[in-house]
Each structure stands twice: as structure tokens, then as C-alpha cells.
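Below is one structure, written out as C-alpha cells; comments come after it.
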Amino acid sequence: MSDNIFEKVKPVIADKLGIGEDEIKLESHFINDLGADSLGLVDITMALEEEYNMEIPDEEASKLLTVGAMIDYIKNHVK
Amino acid sequence: MKIDLSGKNVLITGSQRGIGQAIALGFAKAGANVLVNYPFESEKTAAEETSDLLKSFGVSSMIYQADISKQKEVDQMIEDMLSQWGSIDILVNNAGITRDKLLIKMDDEDWQKVLDINLTGTFRCCRAVSKVMMSKRYGRIINISSVMGLQGNAGQTNYSASKGGIIAFSKAMAKEFGARNITVNCVAPGYISTAMTQVLPETVRQNFINRVLIKREGSPDDIMHAVLFLASDQASYITGQVIVVDGGLTL
């Protein structure tokens, strides 16, 4: 299921950060590796919340700093 | 310098008459499609007439009734504009009201109503378009403030606060969205001849005009030119600024 989610979140992250999908790895850090700023992170989180029809509380979202962590969170919380 | 905005989609709040209408016409002449927002049914005819005028310049235009002090109506307007035209490139927050009273006579409702429409309405429209502009990495937001927001005016504590708030809001927003190629600027009109100023007593009017260095009343077109410039590609490196258009009134 992780692979499936990874394939789905890739284009979202790429679109929001204006980068290529091939730059995005599971271990990529949003800020250090992918160049996201705080607004970019919020933008990605909001888009994924919409995509998966779920809510990621701010205090949780602020800890999801790698693509892998984000995917794990979605995997564990999606209905 | 020719300003070309062909193909751009513009939302102007309160553009059925007054300064907003002049701005709408300016955009249409520059080739932009304009959504004419108006607040309630009794303004519909004015909105329709404005919209017809805009179409005579060969651009698309639609009218949309929405009270910007109501979040639902703002969101619906943005959603419908997007489904009709596909994008929002430029937002002009122009809608505004006055409820002039001396502070000692001002009740909560006079205060709240002016803040709700002028300041909170601006915030709501900005928030609603920010997502769209963010993903497009393009946006021009021009908020109509007032010289009263810089200097304050007796009898207008509510209006002055709302217009000063717009300036501070715009600067903060400019900082949040600069990296997304979204500029946020203000135009601060001085004494402009519109329905809003025609209700002022003659002595007040004369007093203003006497203090204006360029010896005439400002016209809505004076404001439109500044707004159009800030919306243009030529102004792409200007953000978080206030252009005062007051003929030198506050100098």
C-alpha cells in the first residue's frame, strides 16, 4: 500500500514545489532536500488532506518532514 | 508604456459603480476579463450596465452577487469564477463602506460593519484566491486602502482602522506569498469624486479640495491607473507597497 500512496503523493508534491517527480524519494526531507518553505509544507498537507479525505492536525503535520513520514501517516490514518 | 492584460481574469469587488467600476473599465480596455461583483439585489442593474459596457471592449464579463462579509458567498463566487474561466489572475479588493460618526457616538455595530466589509472582506477574498494563485505561481492582488488608513480622520475611526488594517495585512501577505510570485500592494486614494464622497457636507468637501496640491478633485480614473500599473507585468518587482493617489492632499 505504501508504494501505491507514494505514486499518488509524488505528483502532488512535485506540483506544489515546482520540482520533477524523479527528485522525490521516500527519504527526501521536504525542506532540506526538496526546498519547501513553511507555506509549501502547508500547501502539500492541505492537498493531501483533500486527496485522502482526512485531517492532519497541525501539530502532527509539523513532524512529518520527510516524504516517507508523510506516507506512513497517511497509511496509518486513512479510513 | 502600454499595459496589456489580455486573457487575464480579474475579480473586482464592489465594481458595479464608483472607483470599482472605473477600475473594471480600465481592465477591460487592457484586454482582461472582469467579474463584476456587487453586494445585493438593488445594485444588480448597475452591475449589469457595467458588465455590458465591459463587453463592448471585446472581453468576457460576468456579474456576481456576493456579500463579502459572508464567507460562504465569497467561496461560492471564487468557485464559480474558476469553473467558468479556469483561473483568477488578479484580485482587486475595492468594496468598502463608511459609517461616519464621532467615536463618542459610535456603537459596536457601526464599528463592526465597517471592519467586516472593508478589512475582513479583503482578508476573506485574499484567502480564497491564494490557493489558486499559489498553485499557478502567479497572482496580483491590489487592495484599495485610503489616505485615512495612513493619517486617520476625525469621524472615521472605524473606516480609518479598517483601511490602515488593509495596509498592514497586505504587507504581511506580501511576505508570505512573495516566493510564489504573488504580489500584494495597496492603492490609497485621497479625496475622489464618487457617491461615497458626494454625501459629505459642502464645507468638508471644500476643505479637502483646498488642501489638495493639484487643484482638483480626484477622479476614479486616477485610482484606476495606479491599480492597472500594479497589476501589469511592468510592476512585477513591486510588492508590499502603498501608492498614495491623493493629489498631494496628505503631503
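Explain nothing, just the number: relative contact order of the range B:9-245, from Cα pairs under 8 Å at least 6 residues apart, as a whole percent.
19 percent
Projected onto its three principal axes, the C-alpha set of the protein assembly as shown covers 74, 49, 37 Å, listed from the longest axis down.
Compute the signed sum of charges (Lys and Arg +1, Asp and Glu -1) over the other residues within less than 14 Å, Cβ to Cβ, of B:THR183.
So the environment of B:THR183 carries a net charge of +4.
Comparing B:LEU200, B:LEU230, B:LEU150, which has the greatest mean-square fluctuation in the GNM of chain B with Cα pairs linked when under 10 Å apart? Looking only at B:LEU200, B:LEU230, B:LEU150, the biggest GNM fluctuation is shown by B:LEU200.
In order along the range B:199-205, the phi-based Karplus estimate (6.51 cos²θ - 1.76 cosθ + 1.60, θ = phi - 60°) of 3J(HN,Hα) comes to 7, 6, x, 4, 5, 5, 4 Hz; Gly and Pro are listed as x. Within the shell defined by Cβ-Cβ distances under 10 Å, the residues around A:ALA14 carry a net charge of -2, with Lys and Arg each +1 and Asp and Glu each -1. Taking a straight Cα-Cα cut-off under 15 Å and skipping sequence neighbours fewer than 8 places away in the same chain, the aspartates and glutamates within cross-link reach of B:LYS136 are A:ASP15, A:ASP43, B:ASP89. The tail of the calculated P(r) for the range B:143-251, taken as Cα-Cα distances beyond 23 Å, holds 30 percent of the pairs.
Given the rule -39500 (n - 2.57) for each run of at least 4 DSSP H residues, summed and divided by the residues of chain B, what is its mean residue ellipticity at 222 nm, to the nearest 500 deg cm²/dmol?
-13500 deg cm²/dmol
For the range A:2-77, the relative contact order is 38 percent, taking Cα pairs closer than 8 Å that sit 6 or more residues apart in sequence and dividing their mean separation by the residue count. Remark: for residue pairs B:LYS29/B:LYS175; A:LYS25/A:LYS63; B:LYS70/B:LYS101; A:LYS25/B:LYS131; B:LYS8/B:LYS171; B:LYS171/B:LYS215, the C-alpha separation exceeds 22 Å in B:LYS29/B:LYS175; B:LYS70/B:LYS101; A:LYS25/B:LYS131; B:LYS8/B:LYS171; B:LYS171/B:LYS215. Note: relative contact order over the range B:32-123, using C-alpha pairs below 8 Å and six or more positions apart, is 25 percent. For the range A:2-77, the Kirkwood estimate of hydrodynamic radius, built from reciprocal distances between every pair of different alpha carbons, is 12.1 Å.
Here, the range B:74-118 is characterised by an Rg to Rh ratio of 1.23, where Rg is the alpha-carbon radius of gyration and Rh the Kirkwood radius.
Partner chain Cβ atoms within 10 Å, averaged over the residues of A:37-43 - can you pull that number for me?
That average works out to 3.
Go ahead and set up a Gaussian network model of chain B, Cα springs under 10 Å, then flag whichever of B:ALA174, B:ALA30, B:ALA235 fluctuates most. For chain B, modelled as a Gaussian network with Cα springs under 10 Å, the answer is B:ALA235.
Going by a ≥ b ≥ c, the root eigenvalues of the Cα gyration tensor, does the range B:9-245 fall in the rounded group (a/c under 1.5), the prolate group (a/b larger than b/c) or the oblate group? Cα axes put the range B:9-245 in the rounded bin.
Taking θ as phi - 60° and the Karplus parameters 6.51, -1.76 and 1.60, the scalar couplings of the range A:70-79 work out to 5, 5, 4, 4, 4, 4, 7, 10, 5, 7 Hz in sequence order, x denoting glycine and proline. Annotation: for a label point projected 7 angstrom from Cα along Cα→Cβ of B:VAL199, residues of the range B:154-169 with backbone N closer than 20 Å are B:154-164.
Just so you know, all these numbers are worked out from the coordinates, no wet-lab data involved. On a predicted model such as this, the values are computed, not experimentally measured, just so you know. Positions of Cβ are backbone-derived with ideal geometry, glycine not excepted, and every protein chain shown enters the neighbour counts.
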